[in-house]
1. Compute the angle between helix 53-64 and the longest alpha-carbon principal axis of the chain, please, reported from 0 to 90 degrees and rounded to the nearest 10.
2. At a temperature of 25 °C and a viscosity of 0.890 mPa s, determine how fast the range 351-410 diffuses translationally according to Stokes-Einstein, using the Kirkwood radius over alpha-carbon pairs as Rh; express D in µm²/s, rounded to the nearest whole number.
3. At 222 nm, what value in deg cm²/dmol follows for the chain if DSSP H runs of at least 4 each add -39500 (n - 2.57) and the sum is divided by all its residues, to the nearest 500?
4. Starting with the highest mean, order 239-245, 387-393 by the number of other Cβ atoms within 10 Å, averaged over the residues of each peptide.
5. What is the sum of charges around Ala84, taking Lys and Arg as +1, Asp and Glu as -1, for the other residues whose C-beta is under 13 Å from the C-beta of Ala84?
6. For the range 305-385, what is one quarter of the convex hull surface built on the Cα atoms, given in nm²?
7. Take every DSSP beta bridge with both residues inside the range 68-185 and express the antiparallel ones as a percent of the total, to the nearest 5.
8. Take the range 1-136, compute every pairwise Cα distance, and split them into 5 Å bins from 0; I just need the percent in each bin.
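Values quoted throughout were computed directly from the atomic coordinates according to the rules given, and no laboratory measurement underlies them. Just so it is clear, the model here is predicted, and its values are computed rather than measured. Every residue, glycine among them, receives a Cβ derived from its backbone with ideal geometry; neighbour counts consider all protein chains shown.
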Amino acid sequence: MPTQTRTVRISERAQSLKPSATFAVTARVRELRAQGRDVIGFGAGEPDFDTPSAIKDAAINALRAGQTGYQPVPGPPETREVIAEKLNRENGIACGPGDIVINAGAKHTVYLVLQALVDPGREVIIPTPGWVSYRPMAELCGGVVREVPGAIDNDFKITPRQLEEAITPETAVVILNSPSNPCGTMYTPEEINALADVVATHEHVAIISDEIYEKLIYGGVEHCSIGAHPGVAERVITINGLSKAYAMTGWRLGYLCAPGDGGVVARAVSRLQGQMNSHATAFCYPAIVEAITNGGEAVEAMRREFGVRAELIHGLLTEMPGVICPRPTGAFYAFPDIGAWFGRTTPGGATIECAKTFTEALLEEAHVAVVPGDDFGDSARRHVRFSFACSTELIIEGCRRTRAWLEEIA
Ligand code: PMP
Ligand code: GLU
């Protein structure tokens with residue numbers, strides 16, 4: 001008789017998948033706080049505000065009215081209509097409700113688009129530093145990631161020439177993310193258009209434009225949607241969601257707009273979604289309508305607050321020894337280079353070998369949580385991410401602790 005194994009076998013796919021570095025830091029902070037430790041958390045990439053109450057009411061009313069059953073896979077037509085109108089009006093993207101697919105969070109939306117576009121062996125271009133989940137999601141599809149590093153003295157942005165050089169006959173898609181997580185910086189409209197001009201000459205290449213931070217901008221740079229550029233509009237999949245602008249991370253609501261080729265990408269994503277998670281939560285659709293239609297004032301208040309915090313943390317980080325930090329102009333992240341400290345010994349006796357050991361020691365010894373740059377791409381390994389989605393008091397205290405700790409490093 002053949003010997004039977006006593007444990008289930010985990011697929012190689014799942015075994016090789018790393019946990020999300022951002023969620024890992026957030027979980028660690030929770031754990032330490034539960035043990036009574038006074039930790040200042042610059043880890044979580046989520047607004048510290050509550051969802052505006054009118055948006056909550058829209059969902060509560062729909063729930064009470066019995067909107068509790070299955071919905072059309074891409075979402076109810078009237079909700080998609082409101083999203084399409086917003087994209088036409090605010091982003092200059094010519095589209096209709098048939099080009100929109102709503103899903104449970106922009107993260108899963110990005111994943112489904114990659115599933116729809118990337119066959120095994122095809123290439124996915126990711127400008128780095130770039131969000132931690134892009135690479136794992138591309139690799140789950142069998143895609144081959146080509147990182148294109150943006151220089152720190154260019155606010156981490158890639159140039160049209162770099163993009164041109166990275167495109168090959170095997171390129172399936174380029175992922176753009178402005179404002180950027182983790183960089184906190186943005187492409188100007190001229191820079192976006194110059195990147196679009198490059199892709200316009202390569203008709204086999206699609207663009208995923210992740211614009212989830214579009215509303216949170218405060219540095220004087222205007223947000224520009226590449227999906228409005230006539231040379232590429234048919235090949236752009238614009239991704240957005242409610243999480244960041246409306247402080248709705250836990251609601252899990254994201255959407256895409258793919259107006260090209262008679263809706264072929266939107267239909268492919270709908271097919272995938274219909275077999276995977278069906279659709280977003282039924283009674284949340286009216287909340288999307290409320291947020292997009294009437295949420296402007298609430299967003300503006302949060303945007304202003306993030307602008308104040310950005311200035312504050314940028315000033316405090318720049319004053320620290322051995323820290324170089326481009327000015328954040330969007331989202332709620334600062335992404336300083338702390339590589340000057342590599343090879344040094346911390347007050348607690350640890351050796352700082354890399355960004356990961358830096359963050360571990362900072363958390364252990366100074367009780368400040370930040371995310372190591374490592375999983376944001378090879379060019380991010382000298383960096384750590386500070387998410388300033390917390391009060392000015394916490395920013396001041398967290399930076400005071402960090403600075404005092406750095407000043408004691410041997
Ligand atoms: N894109 C970027 C760049 C992000 O930072 C996030 C953060 N979670 C997402 C997409 C996904 O957002 P969500 O799934 O909450 O809609
Ligand atoms: N996007 C946020 C972050 O980068 C939330 C966590 C996640 O989805 O990765 O922290």
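1. On a 0 to 90 degree scale, this one is about 50.
2. Approximately 204 µm²/s, per Stokes-Einstein.
3. Values: 13 runs with 153 residues, N = 410.
Value at 222 nm, helices only: -11500 deg cm²/dmol.
4. Most protected by this proxy first, the peptides run 239-245, 387-393.
5. Around Ala84, the charge tally is -2.
6. Average projection, Cα convex hull of the range 305-385: 5.3 nm².
7. Rounded to the nearest five, the antiparallel share is 10 percent.
8. 2, 6, 9, 12, 14, 15, 15, 12, 8, 4, 1, 1, 1, 0
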